[in-house]
Each structure stands twice: as C-alpha cells, then as structure tokens.
Amino acid sequence: MEPQLLHRVADSVATVVVHHPAKRNAMTAAMWRALPPLLDALAGDPAVRALVLTGEGGTFCAGADISTLRESAEEAQGLAVRAEEALAAFPKPTLAAVRGHCVGGGAQLAVACDLRFAEESALFGVTPAKLGVVYPAPSTRRLVGLTGPSAAKYLLFSGELIDARRALRTGLVDEVLPEGELGERVAEFTRVLTSRSRLTQAAAKEFAGGRTDRDAYWTAQARGSGDLAEGVAAFLERRQPSFGWNVPGNAPTSG
C-alpha cells in the first residue's frame, strides 16, 4: 500500500491513521498536503463528534520522509505547518493516540491535537536542532503552551528523545497507559467526549486556544441551543443527556 492517510468514522469518532510503516510512518509531501482537505471534510461531517490521530502499527510518526520532500527546506516546512495549523483549528475535540516514536513532524501533529494519550514505551522528540532547522514560530508557541518554556527549550535545544513518563510530567502527554491498553482507553474516553455538549466543547476549544473576542457569539449560541435545559433535565431525571447543538460552519477555532 502506498504511503497515505487512512480514515474511518465509527460511533461518531473519526480515526485518521498515518500509514507509511516502511519508514515508521514518516509523512511524505503528499501526506502533508492531504491532511488539511481531509480535516475539512471531517469537520463538515455532522456524524463526526471527535477525531483520533494515530499511526499504523507500533509507531505514531517518525517525522517527515525527507526523500519525498523535493521542495526547499522552507517550502517543506510550510507543508508541515499548514497541516499542523489545520489540525489545531479542527472545531471538534482531537486526541493523538501515540505508540512508539513521536518525533519531529510527528510531534508537531501530536502537539496540535487537543489531547495526547500514549503507551508507556512511547518516545517523544522535537528534533530541528539535529538538522539546523529553525522551528516555526506557531509550532514553538504551541509547544511552550503545553510544556512551559524550560521543557520546550530542553526539547528544542537538544533534540533528545524523552520517554512517556517524562512527557507526562512536562505536560506534553495527558495520560500514559500500559502496553496493550491504549486502544481500549482511547475508545472509552472518546465515548465520554461524544456524550458531552458540543457547544461547551467548541466554545472551550476557542477560548483555550486564545480567541477571546467571541463572548457574544457563544452567548447567543448557548441561548438558542437548548443544551442547558437538556443538561439540567437529564440531571434531574437521572438519565444521559441528548445534546442537540452542532458545530456550525462559521465557528472557527484557534489552536
């Protein structure tokens, strides 16, 4: 099978799989280009309420497949940044499920997700210093926002790999799972995500991403959604709520 991004939708969750096992799921130029339009399509699908990004087999993504990047270094980096920004802007919850290596461009993609769950044997690295590359400003800002300046500088200055436990301590990872339990935990957690209010999630994602100029918009959305009334009624009736608000096309987010 050619290197590509595979995807499926089941139980309201879209799963995007980085598929290039011959090179530890390194991203080719074509794969970087394919990610933004794929995300646009999934964002517009009302059946999708959350997205999981993962890699084929036992590794997440080992970065960029240099052999396919015939553009200049700046153009190649631009492909990765556009894909990363598209992932960060996805208007529904995103979760990176990490096994094995999550390095370079793979780390960019994982950091662009809202959450990161990892197997305890996973390894993380941000490696531009090994190549003499200036790491993009948006990517640096996003990394610093997760780990703080000191941990981000450690990763960027050294290019060293860190294990999942250290990644958890720095904030780079949200949960670490024993071997063989990642898939079950991700399925369990995405069931939680898809049962919650999409209105709450979309507004929280915008605000957490730094966009604070849309209070009036979200107040109006909340007023007309019926989600609050449904949530209170479900609580009083001791049942699961059935929230009706869906992400409109004009609700951009900022990562």
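Can you find, within the range 159-189, the residue that is surrounded by the fewest Cβ atoms within 10 Å (Cβ to Cβ) among those that are small (Gly, Ala, Ser) and under 17 Å from His101 (Cα atoms)? Break it down stepwise before answering.
Keep residues of the range 159-189 that are small (Gly, Ala, Ser), which gives 159, 164, 167, 171, 180, 183, 187.
From what is left, the residues that are under 17 Å from His101 (Cα atoms) are 159, 164, 167, 180, 183.
On the way: Gly159: 16, Ala164: 24, Ala167: 28, Gly180: 8, Gly183: 15.
Applying the filter and picking the extreme gives Gly180.
For the range 190-230, how many residues meet the condition of being farther than 30 Å from Glu120 by Cβ, crowded, with 17+ Cβ neighbours inside 10 Å and in contact (Cβ under 8 Å) with a residue 40 or more places away in the chain?
Qualifying residue count for the region: 5.
Determine if the range 4-25 includes at least one residue that is without any contact (Cβ under 8 Å) to a residue 60 or more places away in the chain, in a loop (DSSP other than H, G, I, E, B), assigned by TED's automatic domain parsing to the domain that holds Arg99 and of a type in the set (Ser, Thr, Tyr).
Taking the range 4-25 first, the residues without any contact (Cβ under 8 Å) to a residue 60 or more places away in the chain are 4-10, 14-17, 19-23.
So of that shortlist, the ones also in a loop (DSSP other than H, G, I, E, B) come out as 20.
Then drop every residue that is not assigned by TED's automatic domain parsing to the domain that holds Arg99, which leaves 20.
Filter once more, so that each one left must be of a type in the set (Ser, Thr, Tyr): none.
Within the range 4-25, none of the residues are without any contact (Cβ under 8 Å) to a residue 60 or more places away in the chain, in a loop (DSSP other than H, G, I, E, B), assigned by TED's automatic domain parsing to the domain that holds Arg99 and of a type in the set (Ser, Thr, Tyr).
From the list Leu199, Leu236, which one is of a type outside the set (Val, Ile, Thr) and over 18 Å from Asp114 (Cβ atoms)?
Numbers: Leu199 fails: over 18 Å from Asp114 (Cβ atoms).
Checking each option against the conditions leaves just Leu236.
Among the residues of the range 126-158, which ones are in contact with a Pro (Cβ under 9 Å, 6 or more places away or on another chain) and loosely packed, with under 14 Cβ neighbours inside 10 Å?
Scanning the range 126-158 gives a single hit, Val134.
Would you mind listing the helices (runs of 4 or more DSSP H) fully within the range 192-247 where at least 3 residues are hydroxyl-bearing (Ser, Thr, Tyr)?
Numbers: elements: 198-208, 215-225, 227-237.
So the answer is 215-225.
Hey, among the residues in the range 44-68 that are crowded, with 19+ Cβ neighbours inside 10 Å and at pLDDT below 85, which one's farthest from Val247 (Cα to Cα)?
Among residues in the range 44-68 that are crowded, with 19+ Cβ neighbours inside 10 Å and at pLDDT below 85, the one farthest from Val247 (Cα to Cα) is Asp65.
Look through the range 165-186, keep the residues that are among the hydrophobic types (A, V, I, L, M, F, W, C) and touching a residue at least 60 places away in the same chain (Cβ under 8 Å), and return whichever of them is nearest to Leu131 (Cα to Cα). Before the answer, list the steps.
Filtering the range 165-186 for residues among the hydrophobic types (A, V, I, L, M, F, W, C) gives 167-168, 172-173, 176-177, 182, 186.
From what's left, touching a residue at least 60 places away in the same chain (Cβ under 8 Å): 172-173, 177, 182, 186.
Numbers: Leu172: 22, Val173: 25, Leu177: 32, Leu182: 32, Val186: 34 Å.
Once the filter is applied, the top-ranked residue is Leu172.
Kindly evaluate Ala34 against the criterion of being assigned to a helix (DSSP H, G or I), at pLDDT 95 or above and under 18 Å from the mean Cα position of the chain (by Cα). Before the answer, list the steps.
Details: assigned to a helix (DSSP H, G or I): yes; at pLDDT 95 or above: yes; under 18 Å from the mean Cα position of the chain (by Cα): yes.
So Ala34 passes the test.
Examine the range 148-155 for a residue that is among the polar types (S, T, N, Q) and not assigned by TED's automatic domain parsing to the domain that holds Gly55, and state whether such a residue exists.
Of the residues in the range 148-155, the ones among the polar types (S, T, N, Q) are 150.
Keeping just the survivors that are not assigned by TED's automatic domain parsing to the domain that holds Gly55 gives none.
No, the conditions are met nowhere in the range 148-155.
Would you check which residues across the range 72-87 are touching a Lys or Arg at 6+ places or on another chain (Cβ under 9 Å) and crowded, with 23+ Cβ neighbours inside 10 Å and list them?
Matches in the range 72-87: Ala83, Glu84.
The values are calculated or read from the model by the stated rules, or taken from the named source; none is laboratory data. Only a predicted model underlies this, so the values are computations on that prediction, with no experimental measurement involved. In this analysis, Cβ positions are derived from the backbone assuming ideal geometry, glycine residues included, and neighbour counts consider all displayed protein chains.
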